[in-house]
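> Sharing a structure below in structure tokens format, with a few things to ask.
The values are calculated or read from the model by the stated rules, or taken from the named source; none is laboratory data. Just so you know, these numbers come straight off a predicted model, no measurement behind them. No Cβ is skipped: glycine too gets one built from the backbone with ideal geometry, and neighbour counts run over all protein chains shown.
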Amino acid sequence: MKKVKLRKFHAASWDEPFIMQMGNAGERGILVPGVDPEIAQAVGEVESLVPENMRRQTPPALPELSQYHVLQHYLRMSQMTMGMETGIDIGEGTCTMKYSPKINEQLVRLPKMTEVHPCQDEETLQGILEIMYKLQGFLSAISGMDMFTFQPGGGANAVYTNACVFRKYHEERGELAQRDEMITTIFSHPCDAATPATAGFKVINLMPDKNGYPDLDALKAVVSEHTAGIMMTNPEDTGLYNPNVEEYVKAVHDAGGLCFTDQANANSIMGIARARDAGFDACHFNIHKTFSSIHGCEGPASGAYGVREELAKYLPVPVVTFDGQTYHLDYERPHSIGKVRSFMGNLECIVRAYAWIRSLGPDGLRLVSETAVINHNYLDKLLMKIRGVTRPYGPDKRRLEQARYSLEKMYQDTGVGTIEVRDRMVDFGIQSYWTSHHPWIVPHPFTPEACETYSREDIEYWAAVIAQISKEAYEDPQIVMNAPHTQAIRKMINLEQLEEPEKCSLTWRAYKRKKELA
Amino acid sequence: MRKKLGLIVNPVAGIGGRVGLKGSDGPQILKMALDMGAVPESPRRAREALEKLGPAKDDIEIVTWPRAMGEEAAVAGGFAPTVMPAALKDYTTSEDTEEAARRITAHGVDLLMFAGGDGTARNIFNALGNALPVLGIPAGVKIHSAVYANSPSSAGRLALNFLTRKGRRNVREAEVMDIDEDAFRENRLSARLYGYLNVPYERSLIQSAKAGSQSNEEVAMDAIASDVITNMTDEHLYIIGSGTTTRAIMSKLGLPNTLLGIDAVFKKQLVGSDLNESRLLELLKNRKGKIVVTVIGGQGHVFGRGNQQISPAVIKSVGTENIIIVATENKLLGLNGQPLLVDTGDAAVNQMLRGYAKVVVGLHRRIVYRVSY
């Protein structure tokens, strides 16, 4: 690795007021034309169209601004934010912050996409239905499942769909009253515990064994006639692929339960390992992670949920079918769990994913996963040389596309922990990293993921930033403790303050009330 | 504003450890230890903790007791402490610790640190009750009390964060336990739960930024109580073990609770308070029972520490399938993967309890956790 020159970076700081505090009475962005006299004569006063008891007595307290000032305000806000494409976004492990080709963005902005409405007759939606049907086929080939739905609006929504499908399966077999326990692992994504709880299951968590895998003996000890199923992640955020996953599946199947794998971390296994081949009955993909639809606050998400044949009848309605000539939206599915969200799903995500898969082909997808894994392993080599960085569990086991590291040693040596390091990173013009899902089992964690789209230079720069902060922590910890130094704000909000309602406001109205402005 | 940190060092705590005497209670043992060449451990450990306060040295005023009871450690740690006037004997005793605790806190401190062992924690508890945040620097031979940090340096870090942080300071109730040292020297281990002290609670170690704000320990305990109560039947007698997590169950039922003892509940009514083994067995006659116990923080003991009343006979009478272990997730994770421990005094019963338990960590939430002995 050649010597990396760390960038000098300084974020814009505009000291912007809230938009609610801006503007002047009477200022307007758009002047709406008045009603034509003929129309007014025909229908009467506009207000008369609204039932009297529904008419508001006072006008809404909205800011009054010109278009120019609105644009300026939000441009300034955007300058104070680091977008994933301005800074290297390797730090967000499990989020798969890969670069999404902009040509796919152009596709979803074509009028053919922007002008369709989900309430149109299906005959007029043949193009988008074809894309959905074919994408189902692609994802089935990648996962080994038989049928997919794109209705869920994100990963957790897809995982919730799974909890509902498992519930319906046991209900139809007359075993739901008895099978009320869903098993998951403490390193699985939190939605694998939260969504079955929402669906009415009791949740049983497995702790990791000394190698970092879910404790298989514990699983065998708790499966029973009460087991509805298991919802697990592989690889977990440790980056360790569980090589004995079939044994977990077998233990649950033998007890009469179903098996789901959460594939939010699928960027390492495309074209390499298939959920169905490991025995799973269902799985999901985060289209907005693995399949290059933009992720994070940049766009809506999409959770694709797939099942094997026996469970297909439970999928949410409508499902997209093809009779050899025409594509249909099939609502006549008496066993369906119903809807988990309105309409068919976030179509722009589906179109981007379809285009991305078509541009790569099967070999290309496998190459994506191989590159993501190699990239991460290169990053791993660089990180493991940095003082204060450790990687718990399986020291000799290869990680896949991401891994969870610990700064506990650095914290014990210097008092600089993961939060302080995170807040210092942004001074070097890159995104701060993400720590860990809850709960923190690895102390002072951080979880990077060097997706396939980052270059060797990007990876080296990222590692060099961590190395620099480690050096500072051991030589002059106050630099890190007081970071960030070059950002729009001095310190990230202490999350605990969110638990003190008197100290935070989530709306302008609440802010005014608490500040006694109104 | 400068923060005030109280400091008490029990200079004889742990002195017997290196010479194999298992503790240092009583002047004869102490003399024996010194004669055998024992060197006090606690001043060194207190200094180690204080060194971690270095970054905020100018913002912290240490208020302490003369010479070996704090002054020397504070000076060695690089501080110029405020030393309370007191006359010290050659051999300090528990009375000295208690007097120091009372007078130092009367002076007004934000946090009281003490270096010692289980006995020292008891002295602090006797003197102060649960009046202000305290933190133990471990220096004893075998510490059972959860009021101690894992190491002197982590005690220092916790204290530093607690004293320098802005906004709300989190504390949690931690167990003060002590063993009967006479019995211990005869190789019998008998530990009692004496009470609870408030210690700084560093949630950043277990708090995930992405998950947002996590409900605090009281909320978690309340959820656990809801789970236990939801699943209560009218045919079982519920034996409620000691501890703060089980206290939440009693408080949710609106029943008086014995924090340090064992109570019994039948049809959601209290049928016995602070019960001993024979009373428990009596209540279990002709009745099915369930035992609700929690985990001693930091140690992982479920049976045999602070709840010896729930004897092997009681456990056998109830049956292992009727034991409900409750603990907050943070408490379980705080064990760092160490198993839950049972030490009932009966090898066959210990063996019976060994394996995996579904620990209740919230409403309809369980963590499968290993139980060993």
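> Give me the residue from the stretch A:432-482 that is aliphatic (A, V, I, L, M) and over 18 Å from A:Asp413 (Cβ atoms) and, out of that set, farthest from the chain's Cα centre (by Cα).
Initially, the stretch A:432-482 is screened for residues aliphatic (A, V, I, L, M), giving A:441-442, A:450, A:459, A:463-467, A:469, A:473, A:479-481.
From what's left, over 18 Å from A:Asp413 (Cβ atoms): A:441, A:450, A:459, A:463-465.
Working: A:Ile441: 21, A:Ala450: 16, A:Ile459: 22, A:Ala463: 24, A:Ala464: 27, A:Val465: 25 Å.
Applying the filter and picking the extreme gives A:Ala464.
> Could you check the stretch B:67-81 and list, in sequence order, the residues that are at negative phi and surrounded by fewer than 16 Cβ atoms within 10 Å (Cβ to Cβ)? Can you show your working first?
Of all residues in the stretch B:67-81, those at negative phi come to B:68-69, B:71-77, B:79-81.
Once the filter is applied, which keeps residues that are at negative phi and surrounded by fewer than 16 Cβ atoms within 10 Å (Cβ to Cβ), the stretch B:67-81 yields B:Ala76, B:Ala80.
> Name the residues in the stretch A:391-429 that are basic (Lys, Arg), away from chain B (no Cβ under 14 Å) and within 23 Å of the chain's Cα centre (by Cα), would you? Give the derivation first.
Filtering the stretch A:391-429 down to residues basic (Lys, Arg) leaves A:391, A:397-399, A:404, A:409, A:422, A:424.
Adding the requirement that they be away from chain B (no Cβ under 14 Å) leaves A:391, A:397-399, A:424.
Residue satisfying the conditions is A:Arg399 alone.
> Same structure, new question: Out of curiosity, is A:Val249 in a helix (DSSP H, G or I), without any contact (Cβ under 8 Å) to a residue 60 or more places away in the chain, in contact with a strand residue (DSSP E or B) (Cβ under 8 Å, 6 or more places away or on another chain) and surrounded by fewer than 24 Cβ atoms within 10 Å (Cβ to Cβ)? Outline the logic, then answer.
On the way: in a helix (DSSP H, G or I): yes; without any contact (Cβ under 8 Å) to a residue 60 or more places away in the chain: yes; in contact with a strand residue (DSSP E or B) (Cβ under 8 Å, 6 or more places away or on another chain): yes; surrounded by fewer than 24 Cβ atoms within 10 Å (Cβ to Cβ): yes.
So A:Val249 passes the test.
> Working only within the stretch B:321-335, note down all residues that are over 15 Å from B:Ala225 (Cβ atoms) and more than 9 Å from chain A (Cβ to nearest Cβ).
Once the filter is applied, which keeps residues that are over 15 Å from B:Ala225 (Cβ atoms) and more than 9 Å from chain A (Cβ to nearest Cβ), the stretch B:321-335 yields B:Glu321, B:Asn322, B:Ile323, B:Gly334, B:Leu335.
> Would you confirm whether or not the stretch A:346-358 contains a residue that is farther than 18 Å from A:Glu449 by Cβ, part of a loop (DSSP other than H, G, I, E, B) and either of a type in the set (Phe, Trp, Tyr) or in contact with a His (Cβ under 7 Å, 6 or more places away or on another chain) (or both)?
no
> Could you tell me whether any residue of the stretch B:215-224 is surrounded by fewer than 21 Cβ atoms within 10 Å (Cβ to Cβ), within 14 Å of chain A (Cβ to nearest Cβ), assigned to a loop (DSSP other than H, G, I, E, B) and modelled with pLDDT of 90 or more?
no
> Now a separate question. Please note which helices (runs of 4 or more DSSP H) are completely contained in the stretch B:14-98 and include at least 1 residues that are modelled with pLDDT of 80 or more and touching a helix residue (DSSP H, G or I) at 6+ places or on another chain (Cβ under 9 Å). Give the steps one after another, and end with the answer.
Working: elements: B:27-35, B:42-51, B:71-76.
Here the list reads B:42-51, B:71-76.
> Within the stretch A:97-137, how many residues turn out to be under 25 Å from the mean Cα position of the chain (by Cα) and surrounded by fewer than 18 Cβ atoms within 10 Å (Cβ to Cβ)?
Number satisfying all stated conditions: 14.
> Quick one: in the stretch A:309-331, which of the residues that are in contact (Cβ under 8 Å) with a residue 40 or more places away in the chain and assigned to a loop (DSSP other than H, G, I, E, B) is nearest to A:Gly345 (Cα to Cα)?
Checked the stretch A:309-331; the qualifying residue nearest to A:Gly345 (Cα to Cα) is A:Pro316.
> Look at the stretch B:100-144 and say how many of its residues are modelled with pLDDT under 90, closer than 19 Å to B:Arg47 by Cα and among the small types (Gly, Ala, Ser).
3
> Continuing with the same structure: Of A:Asp254, A:Asp209, which residue is at pLDDT 95 or above, surrounded by fewer than 21 Cβ atoms within 10 Å (Cβ to Cβ), of a type outside the set (Val, Ile, Thr) and in the same structural domain as A:Asn162 (by TED's automatic domain parsing)? Break it down into steps so the answer makes sense when it comes.
Values: A:Asp209 fails: at pLDDT 95 or above.
Answer to the selection: A:Asp254.
> Could we say that A:Ala483 is surrounded by fewer than 21 Cβ atoms within 10 Å (Cβ to Cβ), among the small types (Gly, Ala, Ser) and farther than 28 Å from A:Ile272 by Cα here?
Values: surrounded by fewer than 21 Cβ atoms within 10 Å (Cβ to Cβ): no; among the small types (Gly, Ala, Ser): yes; farther than 28 Å from A:Ile272 by Cα: yes.
Judged against the criteria, A:Ala483 is not a match.
> Which residues, taken from the stretch B:336-373, are more than 12 Å from chain A (Cβ to nearest Cβ) and part of a strand (DSSP E or B)? Before you say what the answer is, go through the steps one by one.
At the first step, the residues of the stretch B:336-373 found to be more than 12 Å from chain A (Cβ to nearest Cβ) are B:341-353, B:372-373.
B:Leu341, B:Val342, B:Ser372, listed by residue number.
> Can you give me the number of residues within the stretch A:442-456 that are within 8 Å of another protein chain (Cβ to nearest Cβ) and either touching a Phe, Trp or Tyr at 6+ places or on another chain (Cβ under 7 Å) or assigned to a helix (DSSP H, G or I) (or both)? Steps first, answer last, please.
First, pick out the residues of the stretch A:442-456 that are within 8 Å of another protein chain (Cβ to nearest Cβ): A:443-444.
Now drop any that are not either touching a Phe, Trp or Tyr at 6+ places or on another chain (Cβ under 7 Å) or assigned to a helix (DSSP H, G or I) (or both), which leaves A:444.
Within the stretch A:442-456, residues that are within 8 Å of another protein chain (Cβ to nearest Cβ) and either touching a Phe, Trp or Tyr at 6+ places or on another chain (Cβ under 7 Å) or assigned to a helix (DSSP H, G or I) (or both) number 1.
> Further, regarding this structure: Pull up the stretch A:383-417, narrow it to residues that are at pLDDT below 95 and of a type in the set (Ser, Thr, Tyr), then point me to the one that is farthest from A:Lys210 (Cα to Cα).
The residue in question is A:Thr414.
> Follow-up question, since we're still on this one. If B:Asn150 passes every condition in (1) part of a helix (DSSP H, G or I); (2) within 14 Å of chain A (Cβ to nearest Cβ) but one, which one does it miss?
In the conditions (1) part of a helix (DSSP H, G or I); (2) within 14 Å of chain A (Cβ to nearest Cβ), B:Asn150 misses (1) alone.
Here is a yes/no grid of residues against (1) in contact with a helix residue (DSSP H, G or I) (Cβ under 7 Å, 6 or more places away or on another chain); (2) on the phi > 0 side of the Ramachandran plot; (3) outside any loop (DSSP other than H, G, I, E, B):
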{"residue": "A:Ala11", "(1), (2), (3)": "no, no, no"}
{"residue": "A:Trp14", "(1), (2), (3)": "yes, no, no"}
{"residue": "A:Gly34", "(1), (2), (3)": "no, no, no"}
{"residue": "A:Gln41", "(1), (2), (3)": "no, no, yes"}
{"residue": "A:Ser48", "(1), (2), (3)": "no, no, yes"}
{"residue": "A:Pro59", "(1), (2), (3)": "no, no, no"}
{"residue": "A:Leu62", "(1), (2), (3)": "no, no, no"}
{"residue": "A:Gly83", "(1), (2), (3)": "no, no, no"}
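> Tell me which residues, restricted to the stretch A:37-81, are charged (D, E, K, R) and either within 30 Å of A:Pro17 (Cα to Cα) or modelled with pLDDT of 95 or more (or both).
Within the stretch A:37-81, the subset charged (D, E, K, R) is A:38, A:45, A:47, A:52, A:55-56, A:64, A:76.
Across the stretch A:37-81, the qualifying residues are A:Arg56, A:Glu64, A:Arg76.
> Looking at (1) closer than 23 Å to B:Gly195 by Cβ; (2) free of Cβ contacts under 8 Å to residues at least 24 places away in the same chain, can you tell me which one B:Ile262 breaks?
Exception for B:Ile262: condition (2).
> Just the residues that are more than 13 Å from every other protein chain (Cβ to nearest Cβ) and in a loop (DSSP other than H, G, I, E, B), please, taken from the stretch A:214-239.
Step one: list which residues in the stretch A:214-239 are more than 13 Å from every other protein chain (Cβ to nearest Cβ), which gives A:225, A:229, A:231-236, A:238-239.
Result: A:Glu225, A:Asn234, A:Pro235, A:Glu236, A:Thr238, A:Gly239.
> In the stretch B:229-250, how many residues are surrounded by fewer than 23 Cβ atoms within 10 Å (Cβ to Cβ), touching a helix residue (DSSP H, G or I) at 6+ places or on another chain (Cβ under 8 Å) and at pLDDT 95 or above?
3
> Out of the stretch B:237-266, which residues are over 20 Å from B:Ala174 (Cα atoms) and not in a helix (DSSP H, G or I)? If you could, list the steps in order and put the result at the bottom.
In the first step, residues of the stretch B:237-266 are kept if they are over 20 Å from B:Ala174 (Cα atoms); the result is B:237-239, B:252-256, B:263-266.
Within the stretch B:237-266, B:Leu237, B:Tyr238, B:Ile239, B:Gly254, B:Leu255, B:Pro256, B:Asp263, B:Ala264, B:Val265, B:Phe266 meet the criteria.
> I'm told A:Gly388 meets every condition in (1) assigned to a loop (DSSP other than H, G, I, E, B); (2) closer than 30 Å to A:Asn482 by Cα; (3) within 14 Å of chain B (Cβ to nearest Cβ) except one. Can you identify the failing condition by its number?
(3)
> Report whether or not A:Gly153 is without any contact (Cβ under 8 Å) to a residue 12 or more places away in the chain and either away from chain B (no Cβ under 14 Å) or surrounded by fewer than 17 Cβ atoms within 10 Å (Cβ to Cβ) (or both).
Values: without any contact (Cβ under 8 Å) to a residue 12 or more places away in the chain: no; either away from chain B (no Cβ under 14 Å) or surrounded by fewer than 17 Cβ atoms within 10 Å (Cβ to Cβ) (or both): yes.
Criteria not met by A:Gly153.
> From B:Thr105, B:Thr97, grab the single residue that is over 28 Å from B:Thr294 (Cβ atoms), of a type in the set (Val, Ile, Thr) and within 19 Å of the chain's Cα centre (by Cα).
Values: B:Thr105 fails: within 19 Å of the chain's Cα centre (by Cα).
So the residue among B:Thr105, B:Thr97 that is over 28 Å from B:Thr294 (Cβ atoms), of a type in the set (Val, Ile, Thr) and within 19 Å of the chain's Cα centre (by Cα) is B:Thr97.
> Taking A:Ala488, is it small (Gly, Ala, Ser), part of a loop (DSSP other than H, G, I, E, B), more than 14 Å from chain B (Cβ to nearest Cβ) and over 28 Å from B:Ser154 (Cα atoms)? Can you show your working first?
Working: small (Gly, Ala, Ser): yes; part of a loop (DSSP other than H, G, I, E, B): yes; more than 14 Å from chain B (Cβ to nearest Cβ): yes; over 28 Å from B:Ser154 (Cα atoms): yes.
So A:Ala488 fits the description; yes.
> Taking A:Ser432, is it more than 14 Å from chain B (Cβ to nearest Cβ) and on the phi < 0 side of the Ramachandran plot? Walk me through it before giving the result.
On the way: more than 14 Å from chain B (Cβ to nearest Cβ): no; on the phi < 0 side of the Ramachandran plot: yes.
No; evaluated as a whole, the condition is false for this residue.
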